[in-house]
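**Student:** Take a look at this one; I'll ask things after.
The values are calculated or read from the model by the stated rules, or taken from the named source; none is laboratory data. None of these values were measured; they are calculated from a predicted model. FYI the Cβ positions are ideal-geometry reconstructions off the backbone, even for glycines, and counts take in every protein chain you see.
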Amino acid sequence: MTTKYVTKFGSLENYEKGGIEIIDDDPKHFVFSNIFEVANSSKPWEKVAVAKNTKYVIEGVRAEGTSEWRTCAHDEFVTVLDGEVKVEFVKLATPAVPADKEGSVALGGEPTGTPMGHVVLRRGHQALLPANAAYRFTANRTGVLIQQAIHGDDTVERWADICLS
Amino acid sequence: MTITDIQSTPPNEQGYREYSLGGFHFRRDEFFVHITWPTGKHVASIDAFLRALQRDVAWDFFYGTVNFDHVFGTVNHYGTVDMFAGRFNDAYRRAELDHTENFETPVIRETFKAILADWTNQSFDPFASPAETAKPFGAKDGDNISAVTRRRIAASRMVGIPGDEALRSDESGFPVNRMFADVPQDEPDVHPLPGFEKDVAAFNLFAYLSRSDVTWNPSVVSVCKDSLYCPTTEEYILPIVHGNDRVEWFVQLSDEIVWDVQDRDTGAPRAKVTMKAGDVAAMPADIRHQGYSPKRSMLLVWENGDTGLPERISKGLESVYPVEF
């Protein structure tokens, strides 16, 4: 018999959440959440930590409309898990943050510098958010992305709301 | 270390050499590996042993403990490696049958590589899904050096950036796996302006993973200082039981994996974690875990490569749990 395999990805509108069967532990130790569930309860472009390892985080983001311009002194990475997201880049004339500042910051306005180009990402696509560039996301329909980042001023931690306990 | 430093015998009657390292001795026959040490002995299926050995060699002893099974394994001290029998098994410890020896990493690495190369026959690939390779059993029948010496992929910035690790394609020998035939292969629209080709970059991570020819083999696709995205494709059973020396995170990108979680030191069961697409979970720094993936799935393993972490955790300066809430 030939088996036809179906790969199951998740989306905002269609996901199944797993779980934890505790034998001798505390479910909080596993910090278990679901990115789509988190995005369903997030504000657009809110950077909600879904994983944290010392200063490093993975942020789950509800992609909806156009984000503010942000920048960061180090590389970050974005991966789209649902929807389509355009990312625009501008090479800043001068870095907006000190070289030792970790985590991204909002620019608070339009960037001043040289346009670098843009990418359009769909499900499963990953892009570099290069150090000292300004970047802005646009999603014409609501989607979900995750960001490989360092905990910054705007990282939101609400573990008790999002995790199994 | 050179090949002449590896302690081995001429081929035995099944055609395989026997190897010694410190007080440990390794022998294989048609079906089993036989391991002896000064206080005991152990027998395991050669199938499971070679799959575990392949990971330990390819990962250069990985982060923390690589349990081949409930008796034998290694602990990485990043410069030296402990090889142990019964160390993380309560019964062996109580019976005082456990044994540990420490080796300089190159010494144990070269011995393990020699065993893997000698004991892997031409039709067996220890990295492949059991459904995609022949069996490892029987007398010596050639070798499969290209399979057991695959280069571990480790991007310095991100896969696909000019000069960094390459994308996978049919032409480069990475066809789409049979279980990922339905994964879209479209690439992102990338429009760098002149001069910014190395900074405006993107790739299809899911397509890249759909073309992986190995299972249970995390490899680095993007790097944010010590934050390492190490996605991998999983099918059947993780051939080792990984004991953490730091917190490790899993993001399930597709399908489903069930994790058995046990106490790192005793092996006592602690939890069973079922992860589906979009689920995120931490593996604390005081556990061991083994995964089961009924269908080939995509798993983002997220590691923290901070070399000081294990010592800070062992001294209580960092928690074994990533978050308190």
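**Student:** Can you name every residue in segment A:25-62 that is facing chain B (nearest Cβ under 7 Å) and not in a strand (DSSP E or B)?
**Tutor:** Within segment A:25-62, A:ASP25, A:LYS28, A:HIS29, A:PHE30, A:VAL31, A:PHE32, A:ILE35, A:PHE36, A:THR54 meet the criteria.
**Student:** Follow-up. Any residue at all in segment B:152-163 that is at positive phi and not assigned by TED's automatic domain parsing to the domain that holds B:PHE62?
**Tutor:** yes
**Student:** Across segment B:139-185, what is the number of residues that are of a type in the set (Asp, Glu) and closer than 21 Å to A:LEU129 by Cβ?
**Tutor:** Looking only at that region, the number is 2.
**Student:** So, restricting to strands (runs of 3 or more DSSP E) that lie completely within segment B:234-311, which ones have at least 3 residues that are touching a residue at least 40 places away in the same chain (Cβ under 8 Å) and over 26 Å from A:VAL78 (Cα atoms)?
**Tutor:** In segment B:234-311, the matching strands (runs of 3 or more DSSP E) lie at B:241-243, B:287-304.
**Student:** So if I check each of A:VAL6, A:VAL80, A:VAL120, which one is crowded, with 21+ Cβ neighbours inside 10 Å and either at positive phi or aliphatic (A, V, I, L, M) (or both)?
**Tutor:** Only one candidate passes the filter, namely A:VAL80.
**Student:** Same structure, new question: Residues B:ASP98, B:ASP90, B:ASP47: which one is under 20 Å from B:ASP263 (Cα atoms), among the charged types (D, E, K, R) and at pLDDT 95 or above?
**Tutor:** One residue alone meets the criteria, B:ASP98.
**Student:** I've got another one for you. Determine if segment B:109-126 includes at least one residue that is over 20 Å from B:TYR16 (Cα atoms) and of a type outside the set (Ser, Thr, Tyr).
**Tutor:** No: segment B:109-126 contains no residue that is over 20 Å from B:TYR16 (Cα atoms) and of a type outside the set (Ser, Thr, Tyr).
**Student:** On the given criteria, is B:GLU110 farther than 24 Å from B:ARG264 by Cβ and either touching a Phe, Trp or Tyr at 6+ places or on another chain (Cβ under 6 Å) or assigned to a loop (DSSP other than H, G, I, E, B) (or both)?
**Tutor:** Taking the combined requirement at face value, the residue does not satisfy it.
**Student:** I'm trying to understand the selection: among the residues of segment B:284-296, which are touching an Asp or Glu at 6+ places or on another chain (Cβ under 8 Å) and within 8 Å of chain A (Cβ to nearest Cβ)?
**Tutor:** Scanning segment B:284-296 gives B:LYS295, B:ARG296.
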